[in-house]
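Here the structure comes first, spelled out in structure tokens, and everything after it is commentary.
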Amino acid sequence: MLSSCKSSSYLRKTELTDLKASKTLKKTYLRIRNMSRKEIALGHQDATAYGVVWKHDGSGTLDRSDIDDVTGKFPAVYGFDIGHIELGNTHNLDSVPFDLMRKLIVKAHENGGIVTLSWHADNPVSGGSSWDTVPAVSQILKGGNFRKRYEGWMEKVALFIRSLKDAHGQPVPVVFRPFHEMNGSWFWWGAGNCSINDYVQLWRETVNLLRYEHKVHNVLYAYSPNTLNEKEEYLRFYPGDDFVDILGIDIYNHSGDDIYREALRNDIAVMRAFAASRDKPFALTETGNIQRGHPRWWTEVLYPAVKNSGIAWLLVWRNHSPEHFFAPYPEDPLADDFRMFGEHKDILFLKDIREIGFEPRPDFTRQPGK
Ligand code: BMA
């Protein structure tokens, strides 16, 4: 009796924004809350779709990843990008077939992983890419000239997300992270390319279309600005507590290790304080080393800056080619350093987060040596 009282008040306290959330979504949300304590789950974009020197051909095993090739362990968090689903294309903007992506998402979930979706949507007005900054947002809001097109796009997004079902026909929960890095000006939804009010409105209308029009109830919404120029920037575009379940931030090492470390410490602290005031989990939703050079980057730059930061996960971006990769691969000179990074008991791989259920686990710490 006592324990059921305890767990129901816990459930009430941790309500997510979708009041009709599927059962599996509620569980995933609670698992994410349970992850965001002392440990950090490791994530990788397109982890199982391709690596630096291989590409999934659509047949055979769904379990290959550069991180596993290097460490013998799979990542805990799986990022995918649905850019070009809105066009009705068969492949996403990085040539991953959506049919394969669906299988990889379901597999990641069935394996006990967490799935997160970004959306590099094309510019709905110009027809250019995400990086085409022709103003578009005001025209796709309710009443705008391009509204019909946007509604058509959201229908396709909804169809894809709703098509994510496990072997028992249950919806697969995903973290959806649209319109990311909005405090930068490189995307059509970014600062300077639309007003703050229009951004907030776009976010809310997008959530409402998915939630009420298309009855999509397997989504947690994540808000993720890029590295902050000033503290206030974190909140500037915030769509509101009823429209965001998870707080995020994208921070890359563009300008050197010291600047990166500082940004991680300062910006995660800003996000953490805000997350605490809202009782929401938070994560480093994208990161990676663009300024290569440090031979022990994982253990000496990234790890000390994120240790004990409270982030639920960190996700490194995709392994596209020897010129554009963020996780290690076997021939990578930093592979050994990554293995050492992965040995830290607070860095969680797939098999570690499998142990994290949805019951509160205040004292969970990974057993040494696992
Ligand atoms: C960017 C780069 C691009 C890619 C995009 C979406 O950061 O990796 O090559 O198209 O993400 O995945």
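Here, each number is a calculation from the coordinates, and none is a lab measurement. Keep in mind it's a predicted model, so treat the numbers as computed, not measured. Here Cβ is always computed from backbone atoms with ideal geometry, including for glycine, and neighbour counts include all displayed protein chains.
Annotations
- Spin-label model, LEU19/LYS38: points 7 Å from Cα along the beta carbon direction are separated by 3.9 nm.
- For the pair region 272-341 and region 203-240, the centres of their Cα atoms are 23 angstrom apart.
- For the chain, the spread of Cα positions along each principal axis, largest first, Å: 58, 58, 47
- Above-threshold pairs, the threshold being 30 Å between Cα atoms, out of LYS148/LYS215; LYS165/LYS231; LYS20/LYS280: LYS165/LYS231
- Contour minus Cα-Cα distance for GLU262 and LEU235 (0.36 nm per residue): 7.8 nm
- Mean Cβ count within 10 Å, highest first, over the residues of peptides 229-238, 211-220: 211-220, 229-238
- Kyte-Doolittle mean at least 0.0, axial Cα span of 15 Å or more - DSSP H helices of the chain: 98-110
- Theoretical ellipticity at 222 nm over the chain - DSSP helices of four or more residues, -39500 (n - 2.57) apiece, nearest 500: -9500 deg cm²/dmol
- A straight Cα-to-Cα reach below 23 Å connects LYS73 with the lysines LYS38, LYS55, LYS103, LYS107, LYS307, LYS345, LYS351, LYS370, residues fewer than 8 places away in its own chain not being considered.
- Once both labels are positioned 7 Å from their Cα atoms along Cα-to-Cβ, the gap between THR61 and LEU87 label points is 3.3 nm.
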